[in-house]
Amino acid sequence: VNREAAAIAHPNIALSKYWGKRAVPGNFPAVPSLSMTLSGLATRTRVGFGNEPGPDELRLNGERAAGEPLARVTEMLDRVRAAARITGRAKIETANDFPTASGLASSASGFAALAVAATRAAGLQWDSWRVSDLARRSSASAARSLFGGLVELPAGEFAPSEDTLLAARPVLPASALDLRVIVCVTTDAPKAHGSSNAMRKTAEKSRLYGAWLNLAPSLHESLKEAALAGDWMRVGELAEDSALAMHGCALAAGFSYFRDATMMAIETVRGLRQQGMPIFFTVDAGPHVKAFVESAHAPRAAQALNDVPGVLRTTLCAPGDGAAVVEDA
Ligand code: DP6
């Protein structure tokens, strides 16, 4: 018998950044993070468990995938099979309705959708908290895409054991957020440094890593407080501090995600703010800039950012909902 389920999940963008892992197995973040889940863009994933053992079969955007992407999927499905006491190989079909070079991480929505579909297909009656923990083990930012609106992922305990549970939790619903995100795409090339490796390199090489680990928790707490108080100017200031500290820390390890167009888009955001617009920026593990702005100002901001030399295009996103099962088969 095929046990099938399908799920949908959306990408998220961190305002206070996760950068760095605990030095134990299990993918535990060394610092807390807070993100906004996006609407519009989505990953849709269908998982079916068969009865026969054997290698899983993955189709990514319609094409058969092997190597690392398949290995990461199988790693999560092995946890699900162990919990559900099933052994059959799985068929996984997953597709993003946004291009890979869209400037948005597909691992967050991808592993969130996979975790929801796989646990449902396997018949596990897990709540979102357990599913978020499962997603985190594959990619920590994916834990946050389980929930909509503003979402927090705490840091792992100082020395967690591999089976310690750590999940994200909702902070404010999407309906409470009058924000838009303008994603400024600055290149179509895949990112130069994958985040897991880049985090390892930062921890090994950056003389600012200790300073980052000290700073990130207090930045995160202040940012969360400001968001709960509806003080978006303060949120913006702290989000920029978090992004610049993370990238400064990476720069001190000898690499940078920033390109000329990244700096120009940031200057444009600063210029708009000087003219009185409540807008702020963040940058993830790539050269693209994400600008956060109150919805009323989004069209003018998008126009200005589109005109920045080196910005290839912009995508406008609203706050979105958490991951969900779309249909039982
Ligand atoms: C800069 O979640 O991709 O986007 O856990 O190694 O898969 P892994 O890392 P990942 O890292 C995201 C880093 C970031 C900041 C953030 O999303 O908080």
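Read the figures in this text as sums done on the coordinates, not as results from a lab. Here the structure is a predicted model, which is why all the values come from computation and not from measurement. Positions of Cβ are backbone-derived with ideal geometry, glycine not excepted, and every protein chain shown enters the neighbour counts.
Values for this structure:
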read-out	value
Unit Cα scatterers, Debye sum, the chain: log10 I(q)/I(0) for q = 0.11, 0.12, 0.14 Å⁻¹	-0.67, -0.80, -1.08
Whole-number percent relative contact order across the chain, with pairs defined as alpha carbons under 8 Å at least 6 apart	26
Lysine pairs meeting the criterion (Cα under 25 Å, 8 or more apart or interchain), as found in the chain	15
The range 148-215: GluC sites (Glu not before Pro) in DSSP loop, at most 14 other beta carbons within 10 Å	Glu157, Glu162
Euclidean distance of C-alpha centroids, the range 3-79 and the range 272-288, integer Å	28
Top of Ser139, Ser242, Ser195 by mean-square fluctuation, Gaussian network on the chain, Cα under 10 Å	Ser195
Highest average packing first - 266-272, 63-69, Cβ atoms within 10 Å	266-272, 63-69
The range 111-150 versus the range 178-197: alpha-carbon centroid distance in Å	22
Cβ charges +1 (Lys, Arg) and -1 (Asp, Glu), total dipole of the range 1-137, debye	320
Cα gyration tensor shape for the range 213-276, rounded if a/c is under 1.5, else prolate or oblate	oblate
Cα-based Rg of the range 1-94 normalised by 2.2 N^0.38 Å, two decimals	1.28
Calculated P(r) of the range 271-320 - Cα pairs past 18 Å, %	27
Of every Cα-Cα pair in the range 53-96, the percent that sits beyond 13 Å	52
All-pairs alpha carbon distance profile, the range 186-329, 10 Å steps from 0, percent	10, 34, 35, 18, 3, 0
Using distinct alpha-carbon pairs, which all enter the 1/r mean, Kirkwood radius of the range 109-217 in Å	16.3
Nearest-20 debye value, the range 184-329 charge dipole, Cβ charges on Lys, Arg, Asp, Glu	560
Radius, Kirkwood style, for the range 162-262 when every pair of distinct Cα atoms is counted (Å)	16.0
Largest to smallest principal axis extent of the C-alpha atoms in the range 183-237, angstrom	37, 31, 14
Cα extents of the range 48-125 along the three principal axes, largest first (Å)	38, 25, 17
P(r) weight above 18 Å for the range 97-157, C-alpha pairs, percent	35
Mean projection area, nm², convex hull over Cα of the range 30-69	5.7
